[in-house]
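Here, each number is a calculation from the coordinates, and none is a lab measurement. Everything numeric in this text was worked out from a predicted model, so none of it was measured. We place every Cβ from the backbone using ideal geometry, glycine too, and count neighbours over all the protein chains shown.
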Amino acid sequence: MLKKTKKRRLKKIPTRKPKKKTVPPKHKQWKGIQKGYFTPRHPEKYKGNVKNIVYRSSWERSFMNFLDNNVTVIQWGSEIIAIPYRKPTTGRIHKYYPDFWVKYKNKDGSIIQEVIEVKPEKQTRQPTTVGKTKKTQLYEAITWSINICKWKSAKLFCDKYGMKFRLLTEREIFK
């Protein structure tokens with residue numbers, strides 16, 4: 001004899017709607033650090049994709065405003081140069097993208113190219129160990145050694161291609 005089987009109803013599996021691509025906000029605050037996209041007033045001066053100029057701090061944004069509005073600046077770019085360096089913690093080759101490349105006319109009329117990195121002054125000095133946990137000391141020491149390798153590679157790169165390398169801190173930006 002044939003058994004009568006019950007018809008099983010298939011459960012409908014809920015499907016996710018595809019996420020809409022959202023445009024990130026003009027700027028975003030994250031742990032006291034301001035990040036966002038910069039829109040230049042003079043896009044003809046910018047080298048690279050004008051719609052994708054990212055700043056990772058308010059200091060970088062201030063410097064971008066300076067570059068965009070300064071008449072002596074001929075051309076500038078943000079994170080457009082890749083400089084190879086050997087990471088001291090792993091010994092592997094990585095790429096370092098300095099914050100800015102700037103081409104400007106000097107006071108005497110000569111054209112100068114510079115590679116510029118914007119950093120807090122605290123990060124441009126060797127870290128101290130006073131009053132810090134071992135974990136903080138280790139983190140700062142590793143970050144310092146990586147930064148030194150990046151900056152040495154940037155200096156060699158700039159010397160090879162006839163450019164200058166400069167670290168800018170809040171003291172130089174907000175004079």
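Among the listed residues VAL118, VAL73, identify the single one that is farther than 17 Å from PHE165 by Cβ and of a type in the set (A, V, I, L, M, F, W, C).
On the way: VAL118 fails: farther than 17 Å from PHE165 by Cβ.
Residue meeting the stated conditions: VAL73.
Taking each residue of segment 158-175 that is in contact (Cβ under 8 Å) with a residue 24 or more places away in the chain and looking for partners that are among the aliphatic types (A, V, I, L, M) with beta-carbon atoms closer than 7 Å, six or more apart or interchain, yields CYS158/VAL115; MET163/VAL115; LYS164/ILE112; PHE165/VAL115; PHE165/ALA154; ARG166/ILE116; LEU168/ILE116; LEU168/VAL118.
Taken over segment 116-139, the residue count meeting the criterion of being within 28 Å of MET64 (Cβ to Cβ) and either among the acidic types (Asp, Glu) or free of Cβ contacts under 8 Å to residues at least 12 places away in the same chain (or both) is 4. Among the residues of segment 62-110, those identified as assigned to a helix (DSSP H, G or I) and surrounded by 17 or more Cβ atoms within 10 Å (Cβ to Cβ) are PHE63, MET64, LEU67, ASP68.
Filter segment 50-61 down to residues that are among the hydrophobic types (A, V, I, L, M, F, W, C), touching a residue at least 12 places away in the same chain (Cβ under 8 Å) and either surrounded by fewer than 17 Cβ atoms within 10 Å (Cβ to Cβ) or not in a helix (DSSP H, G or I) (or both), then give me how many there are. Quick ask: steps written out before the conclusion?
Quick first cut of segment 50-61, residues among the hydrophobic types (A, V, I, L, M, F, W, C) only: 50, 53-54, 59.
Remaining after also requiring touching a residue at least 12 places away in the same chain (Cβ under 8 Å): 53-54, 59.
Remaining after also requiring either surrounded by fewer than 17 Cβ atoms within 10 Å (Cβ to Cβ) or not in a helix (DSSP H, G or I) (or both): 53-54.
Of the residues in that region, 2 qualify.
Tell me which residues, restricted to segment 111-125, are among the acidic types (Asp, Glu) and surrounded by fewer than 15 Cβ atoms within 10 Å (Cβ to Cβ). Quick ask: steps written out before the conclusion?
Going through segment 111-125, the residues among the acidic types (Asp, Glu) turn out to be 114, 117, 121.
Hit for segment 111-125 is GLU121, nothing else.
If you go through segment 114-139 and pick out every residue that is over 17 Å from SER153 (Cα atoms), of a type outside the set (Lys, Arg) and not in a loop (DSSP other than H, G, I, E, B), you end up with 6.
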